[in-house]
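Please read the structure below before turning to the comments.
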Amino acid sequence: MGFDFTPADRVNTLPPYVFARLDELKAKAREQGLDLIDLGMGNPDGYAPQPVIDAATEALKVGENHGYPPFEGTGSFRSAIARWYHRRYGVNLSPDSEALPLIGSKEGLTHLALAYINPGDTVLVPSPAYPAHFRGPLIAGANLHKMVLTAEKDWLIDLSQIPESVAQQAKILYFNYPSNPTTAVASREFFEEIVAFARHYSILLVHDLCYAELAFDGYQPTSLLEIPGAKELSVEFHTLSKTYSMAGWRVGFVVGNSKIIQGLRTLKTNLDYGIFAAVQAAAETALELPDSYVEQAQQRYQQRRDFLVEGLEKLGWNIPKPKATMYLWVPCPKGTGSTDFALDTLQKTGVVVTPGNAFGEAGEGYVRISLIADRDRLQEVLDRFQQAGIRY
Ligand SMILES: Cc1ncc(COP(=O)(O)O)c(C=O)c1O
């Protein structure tokens, strides 16, 4: 008898991760000697703020930080999360039961699905969406109901389109505003509606507020927990990756309903040992930085947004300036699919963009461009687009 190397169905049935596929294509393009400009992933360029680096360096000098960290995160990081929440949103949280540090929010979003979804449970997910919002539930064996988002509805979830029988059965609804990849933002009224909907159908809400602070033109994203009663049925995920350019440090957190958090904590206790204590000390420092740091990050991305949107406009694109996130969500030229357009762009210009269908079929017809290069590189993108005739 031979060995059976077939992975479990939960792995085998996953669609290929598009970023991994893009990596292969990028490697090929590099072999051909192309100078790539990678605007594919949402991977911030640059360094974490200096006080964060200093805090990590200091924490490295403390012997006990080199051992296993507490499973549930350090008490001082959890307290910093609660203080930050109160400062930003006026929401009170218990640092012991309503805040849990994560090894990045992707880890938590996916494990939450494993902690709460039994095979066959109905889960409501937007399409297009950040992949962890549907891949986590898929790994857990969920029956996905896709809430299709469209430009006509400003990429907002249309709750009235969810059939009554599906809503009755649904256990969890994932959502994310400001949205990756569509860059859409949602009003406070929308958050109130979704809480009322979830309460009516007894659905747990999972909100991803990854772009809590990357908002422009004075816009302030809403936290789900600001909505009265939301904490009774929901959790919200945050990350240090984006605002503080700490994507490689792997640190984020979830806040909200203590029962939901307890289930995730129990699962994680069996899977991981938490986050390196020195990284938690650094993350705590990041959350306590004066607002001027956040404003600098906002200005950086806002200037890039303006530069690229205005440059693309001269090439014939008409892209509204997003109010938040670090992306542009760009329609492909008429009649061209997302993958073809992204590949064509890569081959002709060496510029990497992400095909919209990486975020689900409803992202077909779009590509996502990340604002993760400085002005000179973005000018180079525009020049290459012009020379290669990449236009709308
Ligand atoms: C909406 C959204 N959620 C979560 C993540 C992952 O963040 P983290 O680095 O905390 O895992 C990303 C990363 O791009 C994202 O866009």
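Tell me, what HN-Hα J-couplings in whole Hz come from the Karplus equation 6.51 cos²θ - 1.76 cosθ + 1.60 at θ = phi - 60° for each residue of region 190-202, using x for Gly and Pro?
4, 4, 5, 5, 6, 5, 5, 4, 5, 5, 4, 9, 6
Are there any trypsin sites (Lys or Arg not before Pro) in region 318-359 that are in a DSSP loop and have at most 14 other Cβ atoms within 10 Å? List them by number.
Working: sites: Lys323, Lys334, Lys348; in loops: Lys323, Lys334.
Hits after loop and neighbour filter: Lys334.
Find the all-direction average of the projected area of the Cα convex hull for region 247-360, expressing the result in square nanometres with one decimal place. Before the final figure, lay out the partial values.
Working: hull surface 44.5 nm².
Hull-based average projected area comes out at 11.1 nm².
Check which residues have an amide H placed less than 5 Å from Ile37's amide H, if you skip close sequence neighbours.
Under 5 Å from the amide H of Ile37 lie the amide H atoms of Val351, Val352, each far enough along the sequence or on another chain.
Report the FRET efficiency, 1/(1 + (r/R0)^6), for Ser94 and Leu267, where r is their Cβ-Cβ distance and R0 is 22 Å, rounded to 0.05. Before the final figure, lay out each step's value.
Numbers: r = 20 Å, r/R0 = 0.92.
In this case the efficiency is close to 0.65.
Over all directions, the average projected area of the alpha-carbon convex hull for region 102-157 comes to how many nm²?
Working: hull surface 15.4 nm².
Seen from a random direction, the Cα hull of region 102-157 projects 3.9 nm² on average.
Write down the radius of gyration of region 50-290 and its Dmax, each obtained from C-alpha positions, in Å.
Gyration radius and largest Cα-Cα distance of region 50-290: 17.6, 57 Å.
Once label points are set 7 Å from the Cα along Cα→Cβ at both Asp340 and Lys321, what is their separation, rounded to one decimal in nm?
3.4
What does the charge add up to near Lys106, with Lys and Arg as +1, Asp and Glu as -1, over the other residues with Cβ less than 10 Å from its Cβ? Could the numbers behind the result be given before it?
On the way: positive: Arg135, Arg250; negative: Glu107, Asp208.
My count for the surroundings of Lys106 gives 0.
Along region 303-320, what does the Karplus equation 6.51 cos²θ - 1.76 cosθ + 1.60 (θ = phi - 60°) give for ³J(HN,Hα), rounded to whole Hz, x for Gly and Pro?
Running phi through 6.51 cos²θ - 1.76 cosθ + 1.60 with θ = phi - 60° gives 5, 5, 4, 4, 4, 6, 4, 5, x, 5, 4, 5, 8, x, 7, 10, 10, x Hz.
What residue among Pro137, Pro355, Pro290 shows peak mean-square fluctuation when the chain is described by a Gaussian network model with Cα springs under 10 Å?
Pro290
If R0 is 41 Å, what FRET efficiency do you get for Asn12 and Ser292 from their C-beta distance, rounded to 0.05?
Working: r = 49 Å, r/R0 = 1.20.
So the FRET efficiency works out to roughly 0.25.
In nm, to one decimal, how far is the Asp154 label point from the Glu313 one, both placed 7 Å along Cα→Cβ?
Going from the Asp154 label point to the Glu313 one covers 2.0 nm.
Please work out the FRET efficiency for the pair Phe5 and Asn143, using the Cβ-Cβ distance as r and a Förster radius of 25 Å; give the result to the nearest 0.05. Mind showing how you got there, number by number?
Values: r = 28 Å, r/R0 = 1.13.
It comes out at approximately 0.30.
Run down the aspartates and glutamates and flag those whose C-alpha is under 16 Å from the C-alpha of Lys26, throwing out any fewer than 8 positions away in its chain.
Straight-line reach from Lys26, under 16 Å: Asp35, Asp38, Asp340, Asp344.
Multiplying the sequence separation of Arg377 and Glu189 by 0.36 nm and subtracting their Cα-Cα distance, what value in nm do you get? Please report the intermediate quantities before stating the final value.
On the way: separation 188, 0.36 × 188 = 67.68 nm, distance 3.90 nm.
Gain on extension, Arg377 to Glu189, equals 63.8 nm.
Okay, helix-only estimate at 222 nm for the chain: each DSSP H run of n ≥ 4 adds -39500 (n - 2.57), divide by all residues, round to 500 deg cm²/dmol; what do you get?
Details: 13 runs with 157 residues, N = 392.
Value at 222 nm, helices only: -12500 deg cm²/dmol.
Beyond 21 Å between alpha-carbons counts as too far, so tell me which of Lys231/Lys321; Lys28/Lys106; Lys153/Lys242; Lys106/Lys153; Lys242/Lys334; Lys153/Lys321 fall in that bin. Display every interim value, and only then the final one.
Values: Lys231/Lys321 32 Å; Lys28/Lys106 28 Å; Lys153/Lys242 27 Å; Lys106/Lys153 27 Å; Lys242/Lys334 32 Å; Lys153/Lys321 17 Å.
Correct reply: Lys231/Lys321; Lys28/Lys106; Lys153/Lys242; Lys106/Lys153; Lys242/Lys334.
Hey, which lysines would be in cross-link range of Lys146, C-alpha to C-alpha under 17 Å, not counting anything within fewer than 8 residues on its own chain?
Reachable lysines: Lys171.
So who's got an amide H within less than 5 Å of the one on Leu204, skipping anything under 5 residues away but keeping other chains? H placed 1.01 Å off N, in plane.
Here Ile172, Leu173 satisfy the definition.
No value in this document is a laboratory result; all are computed from the given coordinates. Worth saying up front: this structure is predicted, and the values here are computed from it rather than measured. Don't worry about glycine lacking a Cβ; one is built from the backbone with ideal geometry, like all the others, and counts go over all protein chains shown.
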